[in-house]
Each structure stands twice: as structure tokens, then as C-alpha cells.
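Notes follow the structure.
Readers should treat all values here as calculations from the given coordinates under stated rules, not as data from a laboratory. All of these numbers come straight from a predicted model, not from anything done at the bench. Ideal geometry is used to build each Cβ from the backbone, glycine not excepted, and the neighbour counts take in all protein chains shown.
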Amino acid sequence: MKRITLLLAILFCLACKNHQPSAIINIKLIDSGHSLQIAGIDPLILNEIARDSTNNWQALFAVYKLPADTDLKDYQPEQPGRYRVVDSAVTFIPDTPFTKQQTYFLRYYRYGDNKNPWDFIKGKSRPGQVHYTDITFKPKN
């Protein structure tokens, strides 16, 4: 009985711990609509990934064309391109220019969200579940 009480007390304390909200990501087209700037990234994450020689930005920010049938959204291939860190933002330069009036979306994977044990207890999150946010944009030029 004492172990269960101790376990519940520990879980309660962990759940009450301040949980940092994820950063708000902002995107905008730059270079006359030829590149996408991704800002608002946690500086620690930005510096850590920038030091990685593989530059696997697609694991955190992937760009896709939005299909006409949005039910197929999760089955689209990634937009090929390269990523660069410029100042405190990431710039995505597609291999082929963005198509005028085609809607695209940036899928931002929030790997650090819902690490609060209370989220698991309340059923908001499950172990191994990846959270993401889709941000749409459309080139106008």
C-alpha cells in the first residue's frame, strides 16, 4: 500500500511540474517565392541540428504539395530540396520551384510535446505517438 501511495505521489508531482509549451513556428515565402523561411524554432534545437553533418531537417520540417483530395494528404511524397540555417531560421530551397497557385504544406513534427506524465495518464498521448502540425502556404508569383 505504501508503494502505491508513493508511486501516486511521484506521478502527481511530475504532472504538476511546469511543462514548456512548444514554440510557435512561423513560415513565409522569401526570395520572390522561391524559398520558404521557417522561424520560431527553439534555439537549442536549431543549434543542435545545425551542428549535425547529415542535416536531416526533413525529420523535423517536411514540405509537401497539398493534393486536391485532402484525404490523401498523408500519402504525398516529400518536396525535394535542401535546408540551410540562416541566422535564427531555417530556409527550405526546393529542387524545383514552387508552382504558382499550388497549395503546399509544411509538416512540423513536435517530438518534444506531451512529455508530461499527466498527458499519458489522461490519455492525451500514447508512447511512441508522434505529434505534428500542418501549416499551409500558397505561392502567389
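Quick notes
- Region 22-108, Cα convex hull volume normalised per residue, Å³: 103 Å³
- Cβ crowding within 10 Å ranks ARG84, ARG107 as ARG84, ARG107, fewest other Cβ atoms first.
- When each of VAL90, VAL85 is scored by the number of other beta-carbon atoms lying within 10 Å, the sequence from fewest to most is VAL85, VAL90.
- Rg over Rh [alpha-carbon atoms, Kirkwood Rh] for region 35-74: 1.10
- Working from label points 7 Å from Cα in the Cα-to-Cβ sense, the GLU48 to ILE24 distance is 2.4 nm.
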